[in-house]
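Here's the structure we're looking at; comments come further down.
The values are calculated or read from the model by the stated rules, or taken from the named source; none is laboratory data. Note that this is a predicted model, so its numbers are computed, not measured. Backbone-built Cβ (ideal geometry, glycine too); neighbour counts: all protein chains shown.
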Amino acid sequence: MEREQKEFRELTSSEEARRMIKNIKVNPKIETLLLEHVNGCILAEDVFSSIDVPAFDRSVKDGFAVRAQDTYNATEIEPLALVKIGSIAAGCVPDLALGPGEAIEIATGAPIPEGADAVVMVEHTSTEADKILVRRAVYINENIMRTGADIMKGERVLRRNVRIGPREIGVLASTGISKVAVKQLKVGIISTGDELVQPGSQLYSGKIYDANSYAIAASVEECGAKPMIYGIVKDDERTMSDVIDRALQECSMVLTSGSTSAGVGDVMYRIIDEKGKTLLHGISIKPGKPVVIGVVEDIPLIGLPGNPTSALSIFNEFIAPLIYDSLETDPPFRTKVRAILGTGIRSEGRKELFPVGLIRGRVYPADKTSGAITTLAEADGIIEISEETEYLEPGKPVDVTLFGNIAPVDVMVVGGQCPGIDLLEDLTGMNFRVISMGSSRGLSAMAGSIADVAGVNLAGTGDYNLEAIRNMSIRNAVLVKGYRREQGLIVRPESSIKNLEDLIGKKLVNRNRGSGTRALLDKLLEELAVKKGTTRAELVKMVPGYNSGSRTHRSVCEAVSNGKAEVGFGIRPFAESMGLKFIPITVEDFDFLINKEIMDIPQVRKLLATLRSHDFATRLPSGIFTYERTGEILEKI
Ligand code: AMP
Ligand code: MG
């Protein structure tokens, strides 16, 4: 059967895929648009100026139009008097001519009068009745911009294929042009999947938001093409086919996402094959394997993978070059940067587009949750790993293909989630990459030298945090004491729960394993168990929901608020902001483990100064507060 056969066809190598794509020609349409609509567009023709800019000799200063030779003897000590015979404002036609020994007051941008050949700045003059005193000599043409000095009539001011930005728009406007011909390459974008819902609408269970339509549209726009979003199409071959037909009618290129893997209902390659010619389906590159490239009557119809990180990776590697080629232009910003691997990366001997984060010129893997959108939130781009490579050594230079025009990250903060970290980011004005994955995993990231800073709240039997750090034998870091946080029970206002003992029999929403807050609750339950002459294991059997694992403080509060649980355990701020009751149980230390090697870099100095600042102390939300140890550095840990 045709259908099965296709799945066994060979994958195309990425080199071969690039060659095939190079051979595809897309012809953009040419459209004449008003200046207000051309930002980011590619200019379709050379533009020549039909006027001189400026169109007349003009003054570039406020002052007096003079004959330069009349000022040659003027000095600070012996100023020279000239007779002021009038004044010229910007936008006027001068009706005066200047004779020897005369001066005419002139504004910036005003036309130079007949007879004048220089302008003395007002700062170098003083006025006495109808005379002015010139205290400095000027040379011929001083402070005058001659006709055509900026742009000459007939000059080519913009070249075909330039990307139009603010500067280009300014140039066009100043030569009097209100419309230009630009290349219009309409790219249709279609997301497929029964599980997708549009951002802004309600997320019913089992659904996810459509990320691809928007991420791909933005990428298309960055390339200088025009994205046309067709929205979400259900996993129904007929409907997909119809929407694709419509997009093929209206666009010069069509990109779909999803339905390209060989699973049940993944039908994109069949649709593409039926409509036109399939050039390839599947590139032997991870994660791009499921990608279909076809052409329908000269219009490329491309099925991208559904996973958003994969879709963007494939777009950047294979589709963006096709758009640039078609528009005959180049990327508007650096799409590749060279950087140093901050940690070793293992590969599986297959060609791979590996998502990475870029922090101060160093590259870190952003691949820990393969298939999840969070990869996208943490990745700045990808590196390509060849099939021969099994391990990339730390310190090795690599080329990162960026996901768009990204802002560089100053500090990578991992570990426990806390609004105090957000406040630090706001007050330092720096760009943090915050990866909240719990205190324990923050410690692992530090042990593996993957993070700059880990926010930790791990109660031990002795010193807060120190014990856990010692157990992990972290040697490359110092511990900076942070602030204190009230931890307590979170219940709805009408709840009868008053203390830890009341937890028994109540539905709890617990935090994820590895979070310091969960570990703290465990410690408290341990103490309670001892008091009751039982064990924690026995005790928690009586707490339904104990095994749940909400990832954030906020999600705990949400579960309590919407009745999914009766009680949660966490910090005060979110509970209060959501109108819940907070029952304080204990106070803990939230500290920062910082990579020793970067203690002296400006970013970390700034972070520490901010942590110790009055501003920080006063702006912390309720239930979180600095104390005498805030900012204290423990070198030996
Ligand atoms: P598929 O190839 O359709 O099986 O999709 C692969 C994975 O990507 C699935 O987990 C989909 O839920 C996910 N996915 C597909 N399309 C989108 C989209 N537009 N936005 C976010 N995730 C998507
Ligand atoms: Mg799908």
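Conditions tested, residue by residue: (1) at pLDDT below 85; (2) more than 16 Å from ligand 2 (Cβ to nearest atom); (3) on the phi < 0 side of the Ramachandran plot; (4) in contact with an Asp or Glu (Cβ under 9 Å, 6 or more places away or on another chain).
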| site | (1), (2), (3), (4) |
| --- | --- |
| Ala311 | no, no, yes, no |
| Glu317 | no, yes, yes, yes |
| Glu328 | no, yes, no, no |
| Pro332 | yes, yes, yes, yes |
| Ala339 | no, yes, yes, yes |
| Thr343 | yes, yes, yes, no |
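Matching residues to (1) touching a strand residue (DSSP E or B) at 6+ places or on another chain (Cβ under 6 Å); (2) surrounded by fewer than 22 Cβ atoms within 10 Å (Cβ to Cβ); (3) assigned to a helix (DSSP H, G or I):
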{"position": "Ser440", "(1), (2), (3)": "no, no, yes"}
{"position": "Gly455", "(1), (2), (3)": "yes, no, no"}
{"position": "Gly460", "(1), (2), (3)": "no, yes, no"}
{"position": "Asp463", "(1), (2), (3)": "no, yes, no"}
{"position": "Arg470", "(1), (2), (3)": "no, yes, yes"}
{"position": "Val480", "(1), (2), (3)": "yes, no, no"}
{"position": "Glu501", "(1), (2), (3)": "no, yes, yes"}
{"position": "Glu526", "(1), (2), (3)": "no, yes, yes"}
{"position": "Leu539", "(1), (2), (3)": "no, yes, yes"}
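Given the structure, is Glu388 in a helix (DSSP H, G or I) and either closer than 23 Å to Glu597 by Cα or out of contact with any Ser or Thr (no Cβ under 7 Å at 6 or more places or on another chain) (or both)? Show your work before the answer.
Numbers: in a helix (DSSP H, G or I): no; either closer than 23 Å to Glu597 by Cα or out of contact with any Ser or Thr (no Cβ under 7 Å at 6 or more places or on another chain) (or both): yes.
No, not satisfied.
Return the pair list, or none, for Cβ contacts closer than 9 Å from residues in region 245-261 that are over 13 Å from Ser213 (Cβ atoms) and modelled with pLDDT under 95 to residues that are among the basic types (Lys, Arg) and within 16 Å of ligand 1 (Cβ to nearest atom), at least 6 apart or on different chains.
Thr260/Lys289; Ser261/Lys289
Of all helices (runs of 4 or more DSSP H) completely enclosed by region 550-637, which ones contain at least 1 residues that are surrounded by 14 or more Cβ atoms within 10 Å (Cβ to Cβ), touching a residue at least 60 places away in the same chain (Cβ under 8 Å) and among the charged types (D, E, K, R)?
Values: elements: 553-561, 572-577, 602-611, 614-619.
Once the helices (runs of 4 or more DSSP H) in region 550-637 are filtered for at least 1 residues that are surrounded by 14 or more Cβ atoms within 10 Å (Cβ to Cβ), touching a residue at least 60 places away in the same chain (Cβ under 8 Å) and among the charged types (D, E, K, R), what remains is 572-577, 602-611.
Does Gly545 meet the test of being part of a loop (DSSP other than H, G, I, E, B), in contact with a Leu (Cβ under 6 Å, 6 or more places away or on another chain) and more than 24 Å from Tyr464 (Cα to Cα)?
Numbers: part of a loop (DSSP other than H, G, I, E, B): yes; in contact with a Leu (Cβ under 6 Å, 6 or more places away or on another chain): yes; more than 24 Å from Tyr464 (Cα to Cα): yes.
So Gly545 fits the description; yes.
Taking only region 159-197 into account, find how many residues are within 16 Å of ligand 2 (Cβ to nearest atom) and polar (S, T, N, Q). Break it down stepwise before answering.
Taking region 159-197 as the starting set, the residues that turn out to be within 16 Å of ligand 2 (Cβ to nearest atom) are 189-197.
Next cut, polar (S, T, N, Q) only: 191-192.
The total comes to 2.
Might you check whether a residue that is small (Gly, Ala, Ser) and farther than 29 Å from Gly563 by Cβ occurs anywhere in region 483-506?
Pass one, region 483-506, residues small (Gly, Ala, Ser): 488, 495-496, 505.
So of that shortlist, the ones also farther than 29 Å from Gly563 by Cβ come out as none.
Checked against the condition, which is being small (Gly, Ala, Ser) and farther than 29 Å from Gly563 by Cβ, region 483-506 yields no hits at all.
Select, from Ile164, Ile177, Ile169, Ile189, the only residue that is in contact (Cβ under 8 Å) with a residue 24 or more places away in the chain and within 16 Å of ligand 1 (Cβ to nearest atom).
Numbers: Ile164 fails: within 16 Å of ligand 1 (Cβ to nearest atom); Ile177 fails: within 16 Å of ligand 1 (Cβ to nearest atom); Ile169 fails: within 16 Å of ligand 1 (Cβ to nearest atom).
Answer to the selection: Ile189.
From the list Asp52, Asp57, Asp46, Asp62, exactly one residue is in contact with a helix residue (DSSP H, G or I) (Cβ under 9 Å, 6 or more places away or on another chain), of a type outside the set (A, V, I, L, M, F, W, C) and in contact (Cβ under 8 Å) with a residue 40 or more places away in the chain. Which is it?
Details: Asp52 fails: in contact with a helix residue (DSSP H, G or I) (Cβ under 9 Å, 6 or more places away or on another chain); Asp57 fails: in contact with a helix residue (DSSP H, G or I) (Cβ under 9 Å, 6 or more places away or on another chain); Asp46 fails: in contact with a helix residue (DSSP H, G or I) (Cβ under 9 Å, 6 or more places away or on another chain).
Just a single option satisfies the conditions, and that option is Asp62.
Of the residues that sit in region 205-238 and are within 9 Å of ligand 1 (Cβ to nearest atom) and charged (D, E, K, R), which one is nearest to Leu402 (Cα to Cα)?
That would be Asp210.
Right, Pro300: surrounded by 18 or more Cβ atoms within 10 Å (Cβ to Cβ) and within 16 Å of ligand 2 (Cβ to nearest atom) or not?
On the way: surrounded by 18 or more Cβ atoms within 10 Å (Cβ to Cβ): yes; within 16 Å of ligand 2 (Cβ to nearest atom): no.
No, not satisfied.
Considering only region 275-294, I want to know if a residue exists there that is of a type outside the set (Ser, Thr, Tyr), closer than 16 Å to Asp245 by Cα and within 15 Å of ligand 2 (Cβ to nearest atom).
Within region 275-294, not a single residue is of a type outside the set (Ser, Thr, Tyr), closer than 16 Å to Asp245 by Cα and within 15 Å of ligand 2 (Cβ to nearest atom).
Which one of Arg146, Arg167, Arg156 is at pLDDT below 95, loosely packed, with under 15 Cβ neighbours inside 10 Å and in contact with a Phe, Trp or Tyr (Cβ under 8 Å, 6 or more places away or on another chain)? Quick ask: steps written out before the conclusion?
On the way: Arg146 fails: in contact with a Phe, Trp or Tyr (Cβ under 8 Å, 6 or more places away or on another chain); Arg167 fails: in contact with a Phe, Trp or Tyr (Cβ under 8 Å, 6 or more places away or on another chain).
Of the residues listed, the single one that is at pLDDT below 95, loosely packed, with under 15 Cβ neighbours inside 10 Å and in contact with a Phe, Trp or Tyr (Cβ under 8 Å, 6 or more places away or on another chain) is Arg156.
Show me the strands (runs of 3 or more DSSP E) found entirely inside region 28-90 where at least 1 residues are more than 30 Å from Glu222 (Cβ to Cβ), over 47 Å from the mean Cα position of the chain (by Cα) and small (Gly, Ala, Ser).
Values: elements: 29-34, 63-66, 80-88.
So the answer is 63-66, 80-88.
Among Val60, Val47, which is more than 30 Å from Ala225 (Cα to Cα) and aliphatic (A, V, I, L, M)? Working first, answer last.
On the way: Val47 fails: more than 30 Å from Ala225 (Cα to Cα).
Exactly one residue qualifies, and that residue is Val60.
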